[in-house]
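Trainee: Encoded as structure tokens, here's the structure I'll be asking about.
The values are calculated or read from the model by the stated rules, or taken from the named source; none is laboratory data. Since this is a predicted model, take the numbers as computed values, not measurements. Note: ideal-geometry Cβ built from the backbone for every residue, glycine included; neighbour counts use all protein chains shown. The accessibility values were calculated without ligands, DNA or RNA, using every heavy atom of the protein model including side chains. Shrake-Rupley method; radii C 1.70, N 1.55, O 1.52, S 1.80 Å.
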Amino acid sequence: MEKQDFLYRGEYRRFCFYPPDERHLIRYRILICDAGLKTKVQAALIGALMSSNASGIVLVAPKNFGYTIPLVDYGPDRPVVHVPYEQGLRLKDYASGPLPQGSIDFGAGTEVPFSPAPTVACFSGRGPSKLSPGVLKPDVLAPGVNILAGVPFAQPGRDFGFMSGTSMAAPHVSGLVALLKKQHPTWSPAIIRSALMTTADLENNNGKRIQDENWDQQASLYATGAGHVNVSRATDPGLAYDLDEADYTSYLCNVLGEEAMRVFFRNDTAKCSDYQTLTHEYQLNYPSIVVNIQQEPNYAHVPRTLTNLVAADGLPELYTVEVDMPWQVFVDVDPEELNFTSPGRRYRTL
């Protein structure tokens, strides 16, 4: 595309709405518009502008989206690009100056690798859990922005499409679980989750902590969980935090009580007293630990049981504790070393 004039107008026009008596303003110009309308409405407005000989459309993401840019298909032969909010501000300033011109070029292809990546998307589910704040949520991050995949329903001429959302991240994790279960048929669901969590990446491809959607600060653990899934490492985690039915039942009794436990079990006579009682959620043998030290008492005894997953030919293995916490928080782990000499052996730490 040759260079064309930029055009950005405020009020209702900033959403790409130009009434018929103003359509002559947009001919052979690249329009800058604010995204944020429903997709079908935005698509209809863009279609009307392109029919009036607009040269192209630049959609500026809402501020709360940060650098999260979900792609939308506005149809073939429509030069529409999405830019983050901060870049959009610079474009708008440029468009308000003398003789602002530019062009849209799709010939550069896809740039890989992109950095910083991964980044927590603006729509990603964040913790803490309102029902169970003593268990860190989310567990992990997984790809969920602009995922290219087959369209699951018949659309003439459209077999593939881009979609974004937590519903795109969930299939990624489901697929990883299937791979791990295939390679390790004896692993329990809790061990598979433990393997994904304890081997996840907390750093991006720049070697820094994963950032939030605005790239201005590192994402909190309530945004990243244990980190971004890394299946190549998850196949050999070394150790795991396992859970069985009795563990989950004790947790259920602690969080929801006996009546809820009976509903889950479909047993009107089941009793929480038949199971070991958890006095705190952090006693659940989970790969992550959440302790509220802002309330009295400002200390906690946190038990964990680790199971060795290494085959006999890889033993013995020695694990040494390493703690990375703010100086205001004192953490003491006993024992400080775990020496595994047989497959499946368990050690309890405190």
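Trainee: Quick one: how many residues across region 204-245 are open to solvent by 30 Å² or more (accessible area, probe 1.4 Å), β-branched (Val, Ile, Thr) and either closer than 20 Å to Arg126 by Cα or not in a helix (DSSP H, G or I) (or both)?
Mentor: Number of matching residues: 1.
Results for (1) under 30 Å from the mean Cα position of the chain (by Cα); (2) among the small types (Gly, Ala, Ser), shown as yes or no for each residue.
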site	(1), (2)
Val310	yes, no
Gly314	no, yes
Met325	yes, no
Val331	yes, no
Thr341	no, no
Arg346	no, no
Thr349	no, no
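Trainee: Turning to a different aspect of this structure: Given Gly144, Gly161, Gly134, Gly165, which one is open to solvent by less than 30 Å² (accessible area, probe 1.4 Å) and in contact with a Phe, Trp or Tyr (Cβ under 6 Å, 6 or more places away or on another chain)?
Mentor: Gly134
Trainee: Let me ask you something else. Can you tell me which residue within region 246-283, out of those that are charged (D, E, K, R) and part of a loop (DSSP other than H, G, I, E, B), is least open to solvent (accessible area, probe 1.4 Å)?
Mentor: It comes out as Lys271.
Trainee: Something else about it: Restricting to region 306-333, count the residues that are closer than 20 Å to Thr235 by Cα and in contact (Cβ under 8 Å) with a residue 24 or more places away in the chain.
Mentor: Counting residues in region 306-333 that are closer than 20 Å to Thr235 by Cα and in contact (Cβ under 8 Å) with a residue 24 or more places away in the chain gives 11.
Trainee: Could you grab me the full set of residues in region 308-350 that are open to solvent by less than 60 Å² (accessible area, probe 1.4 Å), over 20 Å from Gln283 (Cα atoms) and part of a loop (DSSP other than H, G, I, E, B)?
Mentor: Leu309, Val310, Ala311, Leu315, Ser342, Gly344
Trainee: Among (1) in a loop (DSSP other than H, G, I, E, B); (2) within 17 Å of Ala246 (Cβ to Cβ); (3) without any contact (Cβ under 8 Å) to a residue 60 or more places away in the chain, which single condition is Tyr286 missing?
Mentor: (3)
Trainee: Can you tell me which of Gly207, Gly257 is more than 30 Å from Pro343 (Cα to Cα), out of contact with any helix residue (DSSP H, G or I) (no Cβ under 8 Å at 6 or more places or on another chain) and at pLDDT below 95?
Mentor: None of the other options fit; the residue is Gly207.
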